[in-house]
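Structure record follows, encoded as structure tokens.
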Amino acid sequence: MTQAAQRRALWLLGAAYAILGVNVSAVLVYGPLYIRQLEPERADLWISLLLALPSLTGFIGHNLWGVVYDRGGTPGRFALLSLVSEALLFALLLTTRSAAALVGLATVFSLFSTALFPAAKAWSTLVRPDGKGAVLGKLHAAESVGWAIGALAGGFASMSTADLLSVVRGLFWFCLLGSAATAVLVAAAFPRVSAPAAPPVAHAVVSGLRALYGRTDLRKLSAFLFIVTSANVAFFTYISTYLCSYLGGSATLLSASMAGATVGGTLAFPIFGRLADTLGRRALLQGALAAYVLFYGTLCMVTDPVTLAWLYAIPIYPAIRIATNAWLADLTEARERASGMGLLEGVGALASVAGPIVGWLFVSRLGHGVLPLVPLVLLLPGLAVLFLMDRPPVAASVGRVREPVDVRV
């Protein structure tokens, strides 16, 4: 594939990342509000299921599609699978007004919308072997832009009408049309690549997952990401009640903090990507973990909601995502790269389920005042795991990394 074709493919994968970010933002940010309007009596139950069940099927999907891609997939086809499934999801959501339907459809289609992520990360790090962190940073930045678009689109729509149901359904239409348009663009413009010969998929999935989960180095990296992500999500789950109810902040302040965090993440992903390539994966993880300990330690002493809002907007987690993904790319060969990325993405999905549960166990028994202590306690085993992790096999700053040839690049 020519350099121009590679650039076009990377741009299209970034566009797919962005629209999927819009879609996730629409479901996770406005889905709970939609549910409260539809079924206020059982809203808490349905909202909890909306946050948990799609993550569980997402865990399965990430692992499944990563292995399937390594056994004969192409990035364009996997991007199309995710985009078409998302378009179908929102088309079905527009035909019903039921909390159960929203949760059920989001859960089922999460299994298919995850196809893009391991494929895109694997392919992009293979075509940019000397800049894995940088190319991963661009993909995540595109996803963060999508999150911001989804949140802002819903926010502007809500300013023009008091009918929340109309706002959410309008946002669903936006997601449907955006997914369909991006799918058409990918189908028409994605460069043609040939898939390698592969064994039967059913056998390949079982053997591939068994081999991945049997590797000590990947288990350590996955455990680290699970711990840090769980700690971060545990705090994020209750940030709204902590800032507004416990500290007495306003909803406007909360929105401003969230917007700042989104913008900060969008800007930080490419920067951390370059740092992962120059400083190294371990150094970036060490710096990010130290920043998290300082961050949550400071929050334990903060009683001013404005100060908390400013601090929360500081982007730290992007460094964790980029460094762990780049490290995994160093640990895996071309034939197993997507499987490894799927493993790591799946671990992140599981952590998004475990984090809220751990946060609830602490907050329900000890009150919201202990919330900053929860991630601080959870990060301690993360420090131990990072200490036990072996160094990446190739230093990113050495220069161009030689990768095994893959017919798809």
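The values are calculated or read from the model by the stated rules, or taken from the named source; none is laboratory data. Everything numeric in this text was worked out from a predicted model, so none of it was measured. Quick reminder, even Gly has a Cβ in these numbers, built from the backbone with ideal geometry, and neighbours come from all protein chains shown.
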Item to check | Search result, residues across the stretch 41-78 that are over 15 Å from the mean Cα position of the chain (by Cα) and modelled with pLDDT under 85 | outcome: Glu41, Arg42, Ala43, Asp44, Leu45, Ile47, Ser48, Arg71, Gly72, Gly73
Item to check | Matching option when the condition is of a type outside the set (Ser, Thr, Tyr) and either in contact with a helix residue (DSSP H, G or I) (Cβ under 7 Å, 6 or more places away or on another chain) or within 19 Å of Ser144 (Cβ to Cβ) (or both), among Arg77, Arg8, Arg42 | outcome: Arg8
Checklist entry - What single numbered condition from (1) out of contact with any Phe, Trp or Tyr (no Cβ under 6 Å at 6 or more places or on another chain); (2) of a type in the set (Gly, Ala, Ser); (3) at pLDDT below 95; (4) closer than 30 Å to Ala268 by Cα fails to hold for Ala195? => result (4)
Checklist entry - Which is surrounded by fewer than 20 Cβ atoms within 10 Å (Cβ to Cβ) and not β-branched (Val, Ile, Thr), of Gly382, Gly367, Gly342? => result Gly367
Checklist outcome for this item: The correct count of residues that are in contact (Cβ under 8 Å) with a residue 40 or more places away in the chain and over 22 Å from the mean Cα position of the chain (by Cα) in the stretch 169-180 is 2
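Matching residues to (1) among the basic types (Lys, Arg); (2) touching a helix residue (DSSP H, G or I) at 6+ places or on another chain (Cβ under 8 Å); (3) in contact (Cβ under 8 Å) with a residue 60 or more places away in the chain; (4) outside the structural domain of Phe224 (by TED's automatic domain parsing):
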| position | (1), (2), (3), (4) |
| --- | --- |
| Val263 | no, yes, yes, no |
| Arg274 | yes, yes, yes, no |
| Gly287 | no, yes, no, no |
| Tyr296 | no, yes, yes, no |
| Thr307 | no, no, no, no |
Checklist entry - Looking at (1) closer than 30 Å to Tyr296 by Cα; (2) at pLDDT 80 or above; (3) more than 21 Å from the chain's Cα centre (by Cα), which is the only condition Ala223 fails? => result (3)
